[in-house]
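Below: one structure, written as structure tokens.
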Amino acid sequence: MSGVSPRRPRISGTGPVLLIALLGILVLVALGFAVWGAMIYPTTPTDTPMPIVGTLTAIAEAVASQPSGPATVLPPTATVAIGVEGTASPQAAVTSTSQPTAAEPTETKVTPTSTTTPEPTSASTSPADTATPVPATNTPLPPTATATPLPPTATPRPPAPNAFAYGLQAHMTGVGHDDTVKAVQELGFGWLKQQVEWEKFEWVKEMYDWKEIDRMVETCNEHGIYLLLSVVKAPDWSRGPNADLSVEGPPADLQDMADFVGAMAARYKGRVQAYEIWNEQNLHYEWGNEQIDAGRYVQMLAAAYRSIKAADPQALVISGALTPAGTVPGPDGRLLAVEDATYLRQMYAAGLKNYCDGVGVHPSGYNIPPDADWKTYQDPSAQFRGLWDNPHYSWSFKGMLETYRQIMVENGDAGKPLWVTEFGWAVEPNPPANREYAADNTPEEQRDWTVKAFEMGKSWGWVGPMFLWNLNFVQIVPGSEQGMWSIIEPDGSPRPVYVALQNMPK
């Protein structure tokens, strides 16, 4: 056996020990900087121009990699039907009093049926609700979330005309979006809509986190796109001690909403052209499971209107779009939904005319052409028989818009435009239960009906900007029913409707 020990010689003396200690400190410092960098500079897709397929795939991957809050599900007692983007439809399985259109001065009872009443889902999360990659818990923002001024390089744009224009809803919050805006430009559209979930930007009273909205505003301004921000979802701190936090709802003190939108309007003066105040407030789960109350909504709208106009007189204020619905009583006497024409009349009775520049509307297409007369249209091949089992104007794009217009005329508000802040036709061969209208529609019908709807809105003269729902939710929330309305394929290639809109004379 050799006299040389198999063990490695031990290090002796202070020099090597100090060297090892120094190396350890350097490693710890490097790790610390790495963690800090990951927190401050989260991974997002690059803003370098890319083909649509690459860009939107990157957006979808970024969203999928981040946590999202649980979806809100209606109680099993709710029988509200779901339409475009999960909106409640008029075929609810309870009695609903239809409001007359201009050509129909009589009332029609919507009777219950078992085949046309979809189960409620969480799909009412408009445009960016389930898609927004932000944790559901409302923890205080860090002290860095302060209302610092926008960079001086941000130049205000001329005021947007309150008139017909082509618009599109796309998801922009929390992801790279430069190429999404370029896709809007490629279509030849001038407006883009994004939902702003108030609860995610003011987690503590008057402590704002504007970063994501700043990016969105800057991108739109850089590309010459007008921006509509639809403001929804009061933060928990504003809801009151007895609020049902299982659903979204308004603040207990309506001034809190006014303060938030006023702060936005001041920050983005001349850069955000329009604000929509709330979404589908004629549904219980958009109104906090409180008693649905058009008068209280108009109070909130009025406070928001005054606050926005004080900060930016040229900004347009749009009333929250109602959803097509029947009047649905709940188990405890409170209503689960109020028929939209009834609710609109109640809004006018409460003073709506004085507190908006445009009236929001969500005319769902279902499986009916946009120019069809809902009272006479027939389609024996349709699987989804909503219109024929429960005849009602709000199955129809044309029927809804003409009904709303007539109500505006009756209330001396004919000079104000209707803003179509969501519309579209879903296409899906295997849709979720009670969404069979998507299986009735072909890609060619989606193409032709969407183009026709834009042509009708433009020709009427009393329709303002029309926002098609949606560009890319098929990638933002893959497999969701929101994707049934997207105008691209999951791989980013254009659907026939995309190509037709691109080629449509503007």
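A few remarks follow.
- Separation of alpha-carbon centers, the stretch 240-267 and the stretch 322-365, rounded to whole Å: 20 Å
- When both the stretch 437-499 and the stretch 378-430 are represented by their alpha-carbon centers, they are found 16 Å apart.
- Positive-end residue of Asn221, Met207, Gln185, charge dipole of the stretch 182-232 with Cβ unit charges: Gln185
- With Cα atoms as the point set, the radius of gyration and Dmax of the stretch 292-410 evaluate to 16.6, 54 Å.
- Net lengthening on full extension, Leu245/Val204 (0.36 nm per residue, minus Cα-Cα): 13.1 nm
- Amide proton proximity set for Ala252, modelled H, under 5 Å, gap of 5+: Arg239, Gly240
- Whole-Hz couplings from phi, Karplus 6.51/-1.76/1.60, listed for the stretch 491-506; x for Gly and Pro: 8, x, 6, x, 7, x, 5, 4, 5, 5, 5, 5, 8, 5, x, 9
- Once backbone amide H atoms are built at 1.01 Å from N, Leu168 has Trp191, Leu192, Lys193, Leu468 as its partners under 5 Å, excluding neighbours fewer than 5 places away on the same chain.
All of the numbers you see were taken from the coordinates with simple rules; none came from a lab. Note that the coordinates shown come from a computational prediction; the quantities given were computed from them, not determined experimentally. Counting neighbours? That spans all protein chains shown, and the Cβs are built from the backbone with ideal geometry, glycine included.
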